[in-house]
Every structure is written in C-alpha cells, then in structure tokens.
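Structure first, commentary second.
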Amino acid sequence: MSMTPHSRDPSAKRWLILAVISSALFLIVIDMTVLYTALPTLTHALNANASQKLWIVNAYALVVSGLLLGTGTLGDRLGHRKLFIAGLVVFGVASLCAAFSPTPAFLIAARALLAVGAAMMMPATLSIIRLTFLDERERAMAIGIWAAVASGGAAFGPVLGGLLLEHFWWGSVFLINVPIVMVALIAAFTLIPPGAGNPARQWDLPGSLQAMTGLIGLAYAIKELGKQDPSLASAAVAFVLGVTFIALFVRRQRASLDPMLDFRIFRAPGFTPAVAAALVAAATLIGMELVFSQWLQLVQGMSPLQAGFFILPLPLASFVAGPVAGHLLPRIGSQRLLFWALLVSGLGMGGYALVYEAAVLAQVAALGVLGAGIGATMTAASSTIMHSAPPERAGMAASVEEVSYELGGAIGVTVMGSLLSAIYTAAMAAAPAGATPAVARDSLDEALIVAEKMGGPEGEALVALAKAAFDRGFVAVLAVAAAMLIATAFVVAIKAARAIQSGVPTSSR
C-alpha cells in the first residue's frame, strides 16, 4: 500500500488517526461483552427461547472469527482506509437494526451484520497503525495503545451495559454505537490518508469461504462443548466440518502463487510464540472474566453493575500497561517482554486465587497485576506479529493476530466454563445423600432457585453447600489459567534461547 505524505507528517495528525481507529476498536470489543448484562432483559422483552438466546450471543463471535482472514487480505488489495470506512458504515447500520429489533430472529441477523462490519474494521485498525507510524518507537507505542484497548475494552462491556440499563431500554446498548460511528466516519474521511492498495494482490474468494467455514465450524464445536448440556453429535459434525475446510484452505494456500495466508510467515523469528501468547492471553482473560463475573453475582451477591465495577481494576491496569509496554518494547525486545508479561500475568492470576477472600485492597492489587501483565502481553504479541510481515501484507498479519484473539476467547470460555461446571458438579455429588437435589447439581443458578423454593434451614444449607462447591471450581479455574500463562512464558523463553543458539536473530522490536 502506497502512503501519502500525510504518513510522514511530523504533526500530531497520526495520533489523531490512532484515536479514530481506537474508538472503532473499542466499539468492536465492547460489543463482544455488552450483552452479558443486557441479555436477561432483552430476551424477556423479545420472548426469545433458549436456542435463540444462544445465537444472539454467539452470532457475533462466530461470524467475526470466520471473516477475519478474508477481510484482512481484502484490505491489502483495496486499501485499508476504504475497508475501515465501509466497515464503519456497516457497523452503524447494523447497530440501528439491532437496537430496534422486533423479533429474536431479526436481532440475530443484526448481530451477524454487526460482525461483518467488525471483521472489516479489525484488521484495518492494526494495518493502518503499521502503515501510518513509520518510526519504530512511535509504532511500538501506538501498538501498545491498540493492545490496551483490545485487552481492556472488553471488560468495560458489562459495566456499560449495566449503566445503560439503569436508565434506558435494552436497545440502548446498540444505539449508543451510532453517534460514535458518525463521529469516527467524519474523522476517518478527514484524517486517514487515502491508500491505493495493491490491485495486483489477489483476493481469493474460494479460499476466504473455506477459511470462514472452517473457523466457524471449529468455533461452533468449541462453544457447543462449553454448553451445560452439549450435543456431542452437533459438536462432532461441526468439528469434522471445520477441520475439513481448514485442511482444504491450507492445501489451497500452499498451492497458490499469491496466497491469502502465506504460511512462511510462521517461520519468522518470534512469530509463532507471539501468536501462541496472544491466544493464551485471550483464553485466560476471557475465560476468567466469564467465571469471575458469575462468582461476584451468584456467590458474593453483587448486581451486574456492581460486578462490572469490581472488575474495573483489571482493564484499567491493562490500559496503562499497554502504552508503557510499547515504550519499553524497542529497548528490551519483544521476546523478553513477552516472557515477563506472561509471567506477571500468571503471578497476578495465581495471586488472586490466594487473596480472593481477603481484604478488597489485596484483591484490587492482584487484579491490577493481572491486567498489567495481560496488557503488556498483547502489546508485545501484536508488535511482533505486525513486524513479521512486509507492509503490503499488513492486513494478513493483522488477521492472524485477531483470529488468535477470537479463537483464544472461544477456547477460554469453553475450557474454563467446562472446568468450573465439572468441579461444581463433582463437589455437589460428593455431598451426603439427600442433601442436594439432582437439579441443584447442574449449576449454582438452579441450586439457588431450588433453595429459595425449599426455604428454612434446608434451603440455607443447600445455598451454603452450592456456594462452597462453586468456590472450589472458581479457584481451580484461576489455578489452571495461571499455570497456562506461566507455562507459555517459559515456552517463549525456551524458543527464544534455541533461536539464539541456532544463530537466528530474534525480534528486538
């Protein structure tokens, strides 16, 4: 993509461009979690059944993850500014449709259209940074800010949803996107320099469809296994379908003279460890937040809004750590920063497992350490991935990073949710015979409903037993997440050491 003189302008314009794309990214990640607090209200208002409720939540993530590889390459061909602006328009229209949805089916379709707009914008955000910030140190800082928004923004979704539902109807969680999109559109037209793209860069439509079908199949299988009562047949069919189409995609790309995804990029120093770090960071963060929000509401008795505010130290620390890590990155190198960031994240996660019943200040400190580590991890991983690709393949590299984030989140929800459910059920089943009705062994929500109907000392005993079982599962999730982060940190360190010994230079940026 050819750059105009604006990209070399020493003025503050490039930082204003960063503000524009960060605001769009914030909308994208907010929409992943804003329904956590709005879902009970909107499903009641639309009279949605259990299956429709599931698709209202999942349609967004499934479509985004399936389209990312194709839209990243399309941005390389058409120009990332064009795709970013088009994505804003689609996102704004879809937000209006979602806000005023008359039926569950209409809302599901609107959520899918939102995902199309998000998938058009996401690779473009990182690519525009890669092409706008030519100075290495400034680029590292800009990517740090991007990573802070990506890793910290999703945690603000439940807070924003709770705040809006305190005063407005459920559609406000979508309608709030519209004025922000309008301002971002004007700013994008004004500030972001036009790029010619690379018309010679082929956009492989069959390959895009193969990648989309494969990733959606795998993501659906993961999400199905994470359900309380999964359909193993549906999960197996989705998994086989996903693996088949991914295999077809890989075969097609390796045979292509101009592949949509050039697998040689995975040989670049530090690229594969960075992708693994992004995936693990997303998996542990999103999986932990899912379980953590349930624990705060069901065990601690907080409202959705109170739970959202209690989690705030995590995203706030991530917002601070991202730019700081970007500033330090050129000095200490991405591999070293990845190791320490993952290690700090693991220590923060494990630390919270030790202090989750302690004073609030100790809990805030542990959440802050975790958020800082995750923010720094995403900065180092994103920077390494983007530096591994030439400018004309920036969209491809950005897509790989964001697919890692999306799949990591899906894996995290499944693994952590399933672990919590298994330990809770086992703890309840181990209770004395007759102490726990069968329905109360499925989930804490159902146990609390049963206990309310029972009343008296028996109901109180069931509540205490169920909350203790949930506590066990919660601690186990924190411990497993901490182990994943720390293990990944040492894998990154070992890979870097082997690369040095073999004479391959690791990325210092």
**Message:** Accessible area per residue for segment 92-158 in Å², computed with a 1.4 Å probe and the full protein assembly in place, what is it?
**Reply:** 25 Å²
**Asked** According to the Cα gyration tensor, what semi-axes, each the square root of 5 times an eigenvalue, does the equivalent ellipsoid of segment 61-208 have, listed from largest to smallest in whole Å?
**Response** 28, 20, 14
**Prompt:** How much length is gained if the chain between Ala358 and Phe490 is pulled fully straight, taking 0.36 nm per residue apart and subtracting their Cα-Cα distance, in nm to one decimal?
**Reply:** 44.6 nm
**Prompt:** Spin-label point model (7 Å from Cα, Cβ direction): what's the His167 to His327 distance in nm?
**Reply:** 3.4 nm
**Prompt:** In terms of the Cα gyration tensor, with a ≥ b ≥ c the square roots of its eigenvalues, is segment 200-342 rounded because a/c is under 1.5, prolate because a/b exceeds b/c, or oblate?
**Reply:** oblate
**Item:** Net lengthening on full extension, Ser418/Ser303 (0.36 nm per residue, minus Cα-Cα)
**Value:** 39.0 nm
**Request:** Could you provide, to the nearest whole Å², the per residue accessible area of segment 301-403 with probe 1.4 Å?
**Result:** 32 Å²
**Request:** Sticking with the crude label model, points 7 Å out along Cα→Cβ, report the distance from Met182 to Ala105 in nm, one decimal please.
**Result:** 3.2 nm
**Message:** Once the convex hull of the alpha carbons of segment 246-307 is built, what does its volume come to per residue, in cubic angstrom?
**Reply:** 128 Å³
**Asked** For segment 125-191, max minus min Cα coordinate along each principal axis, in Å, sorted largest first?
**Response** 46, 27, 13
**Phi-based couplings in Hz for segment 133-143 (Karplus 6.51, -1.76, 1.60; Gly and Pro marked x)** = 8, 8, 6, 4, 5, 5, 5, 4, 5, 5, 5
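The values are calculated or read from the model by the stated rules, or taken from the named source; none is laboratory data. Every value quoted in this text rests on a predicted model; they were computed, and no experiment measured them. Glycine also receives a Cβ, built like all others from the backbone with ideal geometry; neighbour counts cover every protein chain displayed. Ligands, DNA and RNA are excluded from the accessible area calculation, which covers all protein heavy atoms including side chains. Shrake-Rupley method; radii C 1.70, N 1.55, O 1.52, S 1.80 Å.
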